[in-house]
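Some notes on the structure that comes next.
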Amino acid sequence: MTLAETIRSSRTKAPTPGERQTRRQQRLTAVVKRILPPTGILLLVGVLWQVASDSFGVPKYILPSLSDIWTSASERWSDTFSSATRVTLQEVLIGFAFAIVVGVVIALALHLSATLRTAFMPLLIGSQAVPIVVIAPVLAIIFGYTLMPKVIVVALICFFSIVVNTMHGLSSVDPELIKVMRTLDASRWAILRRVEIPAALPSFFTGLRISATYASVGAVFGEFAGSLDGLGYVMIQATSQLQTDMVFVAIFILTFMSISLFLAVSIVERLVCPWARKEDRR
Amino acid sequence: MRSQTGSQLPSAQSRSGDGIDLVNVVKRFGETVAVSGADLSLPRHGRMSIIGPSGCGKSTILSMISGLLDPTEGVVRVEGATTMKERLARCAWMPQRDLLLPWRDVAGNAALALENHGISKKEARGRVLELIDRFGLSGFERKFPHQLSGGMRQRVSFLRTMAAGKDVLLFDEPFGALDSITRADLQQWLRRTLEETPRTTVLVTHDVEEALLLGDTVVVMSARPGRIVQTVDVELPQTENRRELIRHPAFAELRDELLSLLEVAE
Ligand SMILES: Nc1ncnc2c1ncn2[C@@H]1O[C@H](COP(=O)(O)OP(=O)(O)O)[C@@H](O)[C@H]1O
Ligand SMILES: [Mg+2]
């Protein structure tokens with residue numbers, strides 16, 4: 001077992017403290033490299049914005065300066081934005097969770113049954129052609145000014161990319177691997193559970209990341225169609241009163257919400273399927 | 001040696017009936033005749049190598065034996081079983097690519113068949129640990145496939161195949177993707193493993209030396225339509241190792257015979 005021994009000895013050697021130190025440094029520079037450019041761009045845009053609104057005399061109701069926006073955010077946080085943010089966040093999270101459950105169930109069902117696939121695929125694709133802007137008011141009529149219509153709109157916007165990506169992941173398993181599993185006495189269920197579902201996880205998370213960026217847009221659509229609170233509601237009220245600074249505060253909060261959801265999904269993905277990144281790097 | 005400790009390769013239960021029989025087997029894929037009228041017979045725990053140009057139906061024959069495919073005509077019998085399901089239950093099949101599950105470590109990959117048999121994850125891991133030792137993989141239990149070299153990965157794939165406890169092992173060019181040093185190492189290792197724990201083995205290969213090293217009969221096939229040209233019995237002296245055997249005049253003679261048969265087959 002000479003080959004095995006050489007490989008073993010070269011692999012199981014523990015890193016020396018010095019090696020560990022440089023590795024930590026490398027990781028640190030990698031993080032800095034990833035964070036520095038976007039921060040720089042954001043700062044640049046911010047400065048240009050401030051300069052433009054200060055020195056060209058653009059009216060406040062067209063382009064409020066960043067400091068105006070900041071002032072209105074801090075003044076109106078407690079009476080308006082804190083509750084609006086809470087309401088919208090709730091709609092986004094519940095709708096997103098709903099989309100995940102429905103999306104995964106549909107993906108599994110369509111993956112397992114060719115009959116269901118041919119029967120429902122046209123309907124599924126058709127559902128994406130129906131404009132949400134049209135559906136939202138109808139839902140508001142049916143359910144009133146409640147949480148329900150917003151959750152449904154968020155879920156409708158989110159579930160499609162989850163279904164499509166999960167199905168793609170489930171069917172991307174190498175057919176030869178399925179054959180190997182069959183000769184290892186795997187039942188259909190065992191193949192699904194031990195091979196197809198784990199193999200589909202990276203695609204599933206890709207679907208989640210895409211829909212995470214849509215989710216807050218869905219909530220705002222839902223609120224436009226009829227609501228008593230939430231960031232979309234605040235935007236509508238503020239627009240009619242030419243309080244553009246308020247609109248921008250809402251936009252910034254929504255952006256922050258989307259980015260946070262996106263990052264949360266990415267972190268969970270890294271914890272759930274660490275092998276995916278390592279395989280890619282090979 | 002007491003058993004019940006799980007330290008054995010899962011014992012392939014002796015079943016009634018013998019090895020593998022193919023009687024006048026034909027396989028067509030639409031217009032293509034992949035195999036035309038193959039007859040083969042391999043006794044229990046016999047070792048057969050199949051060589052031939054690519055596209056001559058070697059993989060198709062292996063798939064038919066394994067129960068992943070049924071012949072268009074003729075009979076495939078594995079230890080008396082003729083239905084696909086029964087054949088699947090008796091055969092383990094391993095293709096050229098290792099196809100390990102990247103999200104499972106070495107022990108987890110090896111434990112797959114046991115888990116498929118309904119044994120709990122933890123117990124299945126425990127049972128394969130001793131096998132891992134035997135396969136020269138101890139210390140690697142917790143390594144993931146991406147941390148292993150190609151040769152090691154293929155060794156794990158062998159281990160996963162063996163751990164299924166099947167009496168019949170079907171290998172489709174298992175060393176095809178490896179460099180020649182690793183391949184030689186694994187050939188030697190597989191020879192020894194099969195001597196320690198005999199199984200009915202069919203090995204498909206491109207490589208004449210490999211066919212002679214690992215088979216006690218070599219079947220030569222020709223293409224278009226795929227058929228069996230000749231079956232050669234390998235009778236070679238016992239030698240210490242692979243290198244000595246390859247140097248032996250009797251080995252050279254058999255190699256020449258097979259090469260000339262292959263030239264005709266092309
Ligand atoms: N599933 C299939 N469908 C159609 N043709 C196939 C299929 N499998 C194999 N063939 C054809 O059968 C012939 C034999 O293939 P194969 O058994 O893979 O050859 P080998 O393994 O000797 O290279 C080839 O011509 C191949 O194209
Ligand atoms: Mg082949």
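The values are calculated or read from the model by the stated rules, or taken from the named source; none is laboratory data. Here the structure is a predicted model, which means the values were calculated and not measured. As a convention, Cβ positions derive from the backbone with ideal geometry for all residues, glycine included, and neighbour counts pool all protein chains shown. Accessible surface is based on the protein model in full, side chains and every heavy atom, while ligands, DNA and RNA are left aside. Shrake-Rupley method; radii C 1.70, N 1.55, O 1.52, S 1.80 Å.
The range A:105-135 and the range B:206-247 have Cα centres spaced 55 Å apart.
What shape does the range B:20-265 have by the C-alpha gyration tensor, where a ≥ b ≥ c are the square roots of the eigenvalues, rounded means a/c under 1.5, and otherwise prolate means a/b greater than b/c and oblate the rest? Cα axes put the range B:20-265 in the oblate bin. Taking every C-alpha pair closer than 8 Å and separated by at least 6 residues, the mean separation divided by the residue count of the range A:36-159 gives a relative contact order of 29 percent.
In chain B, the longest principal axis of the Cα atoms and the axis of helix B:150-162 are about 90 degrees apart.
If you average the alpha carbon positions of the range A:229-261 and of the range A:189-223, how far apart do those two centres end up, in angstrom? After rounding, the separation between the Cα centres reads 27 Å. Helix B:249-265 axis versus longest C-alpha principal axis of chain B: approximately 60°, rounded to the nearest ten. Could you give the distance between the Cα centres of the range B:109-177 and the range B:42-95, to the whole Å? Here the two parts' Cα centres lie 22 Å apart. When B:Glu73, B:Glu79 are compared by accessible surface with a 1.4 Å probe, the order from highest to lowest is B:Glu73, B:Glu79. The C-alpha atoms of chain B define a longest principal axis, and helix B:121-134 lies at about 60 degrees to it. When you filter the GluC sites (Glu not before Pro) in the range B:199-251 for DSSP loop state and at most 15 other Cβ atoms inside 10 Å of their Cβ, you are left with B:Glu235, B:Glu240.
Normalised per residue, the accessible area of the range B:20-265 is 40 Å², obtained with a 1.4 Å probe and no contribution from ligands, DNA or RNA. List the DSSP H helices in chain A whose Cα atoms stretch 18 Å or more along the helix axis and whose mean Kyte-Doolittle hydropathy is at least 0.0. Within chain A the helices that satisfy the rule are A:82-112, A:114-129, A:147-171, A:197-224, A:244-272. Here the accessible area is traced with a 1.4 Å probe on the protein chains. For the protein assembly as shown, carbon and sulfur cover 60 percent of it.
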